[in-house]
Amino acid sequence: MEVLGIDIGGSGIKGATVDTLTGTLTRERLRVPTPRPSSPGAVAAAVQAIVDHFSWTGPIGVTFPGVVLDGVIRTAANVDRSWIGVKGADLFGDQSVVLNDADAAGVAEMTFGAGRGRPGVVLMLTFGTGIGSALFVDGRLVPNTEFGHIEIRGKEAEHRASDRVREEEDLDWDKWAERVEEYLAHMRDLLSPTLIVVGGGVSKKAEKFLPHIHLGDTPVVPAVLLNEAGIIGAAMAAAGPARLP
Ligand code: BGC
């Protein structure tokens, strides 16, 4: 089934049509900058521009960087606070399905990427403006886990170890990898996953930091769908429950 997937991020909004059976983009992806301030109205206009670009009239999957419960936005850590309480369908239309960005990326990675066929507890963490999390138990998603807000040394993990913090504090890769390793070790101790998948914008530079990260017996692997995971997972969610693991 072909569905339009749209990934709302802190710096860009990306969209493409997706074949949800193969997890591949059917047309070249379009990226527009995230408006500032990132208010619901401004973001909806940017999403509409993507819909128009693809002349799309069918179902739409949309990711959001916050908790999404029954289609309603519940938190907004890295976007405008006025999102809280907004119903996705009121903004993006009746044919839309909205879900957390890391959950969407995780669903795509578990089906077509690094977590494919992996049983047991699998944890995907995305490192970008914030830290997103998606937890899977025998391939089934436990939605809205929000592990980026767990405290490490008295600070939220995403305020110590996100990719944004690496850039803002101008940390070199070794230094940043130390922080990520401490965080991953903490998550390993809490959840005992059989696999940790590292995704988000920074996963395309995995060779710069993953070699510095050692978690003993717990394998840590880079996501393979890179920038497309959110778009693909969003489209899968809108294609219906049959396409979610
Ligand atoms: C949000 C999560 C989101 C993550 C990555 C966090 O600040 O609370 O919902 O998945 O950032 O965007």
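The values are calculated or read from the model by the stated rules, or taken from the named source; none is laboratory data. What you are looking at is a predicted structure, and each value in this text was computed from that prediction instead of being measured. FYI the Cβ positions are ideal-geometry reconstructions off the backbone, even for glycines, and counts take in every protein chain you see. The protein model used for the area step is the full one, side chains on, heavy atoms only, and it has no ligands, DNA or RNA in it. Shrake-Rupley method; radii C 1.70, N 1.55, O 1.52, S 1.80 Å.
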Within the stretch 70-80, track down each residue that is open to solvent by less than 30 Å² (accessible area, probe 1.4 Å) and among the charged types (D, E, K, R). none
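For (1) within 16 Å of ALA102 (Cα to Cα); (2) more than 9 Å from the ligand (Cβ to nearest atom); (3) buried (at least 22 other Cβ atoms within 10 Å of the Cβ); (4) in contact (Cβ under 8 Å) with a residue 12 or more places away in the chain, each residue gets a yes or a no:
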site: GLY128; (1), (2), (3), (4): yes, no, yes, yes
site: GLY139; (1), (2), (3), (4): yes, yes, no, yes
site: ASN144; (1), (2), (3), (4): yes, no, no, yes
site: ILE152; (1), (2), (3), (4): no, yes, no, yes
site: GLU158; (1), (2), (3), (4): yes, no, yes, yes
site: ARG179; (1), (2), (3), (4): no, yes, no, yes
Just one of the numbered conditions (1) in contact (Cβ under 8 Å) with a residue 40 or more places away in the chain; (2) near the ligand (Cβ under 9 Å from one of its atoms); (3) more than 16 Å from GLY61 (Cβ to Cβ) is not true of MET124; which one? (2)
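Residue by residue through the stretch 10-20, note down the ones that are surrounded by fewer than 22 Cβ atoms within 10 Å (Cβ to Cβ) and within 14 Å of the ligand (Cβ to nearest atom). Steps first, answer last, please.
Start the filter on the stretch 10-20 by keeping residues that are surrounded by fewer than 22 Cβ atoms within 10 Å (Cβ to Cβ), which leaves 10-12, 14, 17, 19.
Listed by number, the residues that qualify are GLY10, SER11, GLY12, LYS14.
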Of all residues in the stretch 216-230, count the ones that are in contact with a strand residue (DSSP E or B) (Cβ under 7 Å, 6 or more places away or on another chain), in a loop (DSSP other than H, G, I, E, B) and over 12 Å from MET124 (Cβ atoms). 2
Select from the stretch 43-69 the residues that are over 13 Å from GLY5 (Cα atoms) and part of a strand (DSSP E or B) and write down the one among them that is least open to solvent (accessible area, probe 1.4 Å). VAL68
Of the residues GLY85, GLY23, which is crowded, with 18+ Cβ neighbours inside 10 Å, on the phi > 0 side of the Ramachandran plot and in the same structural domain as ALA235 (by TED's automatic domain parsing)? GLY23
